[in-house]
1. Over all pairs of distinct alpha carbons, what does the Kirkwood formula give as the hydrodynamic radius of the stretch 50-115, in Å?
2. Give the span of the stretch 120-159's Cα atoms along each principal axis, as three whole-Å numbers ordered largest to smallest.
3. I want to check the label-to-label distance for residue 122 and residue 143. Put each point 7 Å from Cα in the C-beta direction and report it in nm to one decimal.
4. With point charges of +1 on the Cβ of Lys and Arg and -1 on the Cβ of Asp and Glu, referenced to the Cα centre of the chain, which listed residue (143, 193, 59) lies farthest in the positive direction of the dipole?
5. Under the 0.36 nm per residue contour assumption, what length would be gained going from the current alpha-carbon distance of residue 215 and residue 31 to full extension?
6. Calculate the spin-label point distance for residue 200 paired with residue 94, positioning each point 7 Å from the Cα along the beta-carbon direction, and give it in nanometres.
7. Non-local amide H neighbours of residue 64 (under 5 Å, H modeled in plane, Pro and chain starts lacking H): which ones?
8. Stick to Cα atoms and the Kirkwood definition of Rh, then tell me Rg/Rh for the stretch 145-229.
Amino acid sequence: METLLYLIVFVVGLIVGSFLNCVIYRMEKGESFLSGRSYCPHCRHKLGFLDLIPVVSFLFLSGKCRYCRERISLQYPLVELLTGFIFLLIFYFQFSLVQFFFLLAISALLIIVFVYDLKHYLIPDKVVYSAIVLTFIYLIFSTFRLDHLWSALALAGFFLAIVLISREKWMGMGDVKLGFLMGLLLGWPDVIAALFLAVFIGAIIGIGLIIMGKKGMKSEVPFGPFLVTGTFIALFWADELINWYFNFFGYL
């Protein structure tokens, strides 16, 4: 029975991931994702049911459109799988029912931010604002703790200072809004773990891209995906990471 529940959650995640791909594409084109059938971005042929089965359709069609044979972006199956695995993690950590559905919704919005910023170097306001409002509502009707609000203001203020000092060369206003969301969602001290992870992962990947010749020392790299990654890791393992940190340095 438990295995079946995990399978159901994963499949639901795949389906939601497919929907998120649609949302991301429609946002890119300035179209509404609430109306109209899905279509191929190359030939614009409307897609049928067999073309829209998450991951399976991509594999069955060898990563190509059934109608024009143009390649389908790897973004589609990767986002579907990512959403499925994150939904599984949320289910695995056995949050309360209300928190479970809240985290599913927030995770979906964070995945949109991750992909959109990675592709366009832009964090969409409507997505971040929606996540902030949703988090405020959740906190108000659950156990509201001031440390969440102070964490949000502190991280957003820190990012805003960087934006002003660098004149948006090092960081943009979208990161400020995302920082506010991170603090509001995670609270203290989990938000510090998320920020540390974001910087650490960003530095490792940035150095790797420079070594491979993909980026230069002055190249622009979106920070949003690293902030989202740090947020997800801190959401599930912040306590373990913080305890490990203090235990490790306590022995030095």
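Nothing in this text is a laboratory measurement; each read-out follows from the coordinates by a stated rule. Note that this is a predicted model, so its numbers are computed, not measured. For neighbour counting, all protein chains shown are included, and Cβ atoms are generated from backbone atoms with ideal geometry for every residue, glycine included.
1. Numbers: mean 1/r = 0.0749 Å⁻¹.
One decimal place: 13.3 Å for the Kirkwood radius.
2. Taking max minus min along each principal axis of the Cα atoms, the stretch 120-159 gives 36, 22, 8 Å.
3. 4.1
4. It is 59, whose Cα lies furthest towards the positive end.
5. Numbers: separation 184, 0.36 × 184 = 66.24 nm, distance 3.21 nm.
63.0 nm is the gain from fully extending residue 215 to residue 31.
6. Going by the 7 Å Cα→Cβ label model, 2.7 nm.
7. 72
8. Numbers: Rg = 13.6 Å, Rh = 13.3 Å.
That ratio equals 1.02.
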